[in-house]
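For reference, the structure discussed in these notes is given below.
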């Protein structure tokens, strides 16, 4: 990606983190629990979901500050899911982004409560906002609950854990990733567009676009686990193969996985073309998802 885009990405990330930390600073949290929450919130990461939400809103002529409460809520849910995914009962990971996982640093009980708190307070970020109308709050809360709950991310994590014990075919693998990863990415662009007061037709198209970028993201993750640079990625590569996990490369071969990713990329761009957004930052973010190396 060009330097102008990467600079924009860094600036958007920095602006969002200032807003998020300022919001969390207002909460009255016991000291150790606060430390645990801040540890995971500020542990790095691409902040892709809030940046996508902002880019979607701006692409349709909306104002960036309009998305911040919903974007903070979304990132809080994403962070809670990472804390809980790392727990011994789930993925049992000791490190994330080169740092000890939350439960290793603070203990399992505190990590669980930090995740619980982030999940619960995420909805307060939207419900207590003074920049959303009542109708907007209902829409945002309804969609976020669906994307993150028993019909979304939680269901995807459950199916992913089951899939670790047996091989799955490509259709079921796609379903897992649409739920576990794709739903929150779709929510990001849907919420951003909605807050820019788009038409129902535009909202439907952006949701379809979101489904595609969710799959692009996961397929590229699987590809990087095969050919990624461990130094750049900051995590071990080849772990999927070592764990005999079903992935796009394991089911389709590396070339097949790349072809599958590129197919979803073309479909995603076709939705943006229909929306007349081919020159937007949203389009550049879509290309970034395909070309990213970490």
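Side notes on the structure shown:
- Computed on the Cα atoms alone, the convex hull of region 1-58 gives a volume of 86 cubic angstrom per residue.
- In the distance distribution for region 46-85, Cα-Cα pairs more than 11 Å apart total 61 percent.
- Kirkwood Rh, Cα atoms: Rg over Rh of region 248-294: 1.07
- Estimated Rh, region 21-155: Kirkwood, alpha-carbon pairs, angstrom: 15.6
- Largest-first ellipsoid semi-axes for the chain, taking √(5λ) over the Cα gyration tensor eigenvalues, angstrom: 27, 26, 18
- The helix-only estimate of mean residue ellipticity at 222 nm for the chain, built from DSSP H runs of length n ≥ 4 each weighted as -39500 (n - 2.57), is -23000 deg cm²/dmol after division by the residue total.
- When Rg and the Kirkwood Rh are both derived from Cα coordinates, the Rg/Rh ratio for region 183-231 amounts to 1.19.
- Dimensionless Rg ratio for region 112-238, taking C-alpha atoms and the 2.2 N^0.38 Å reference: 1.22
Read the figures in this text as sums done on the coordinates, not as results from a lab. All of these numbers come straight from a predicted model, not from anything done at the bench.
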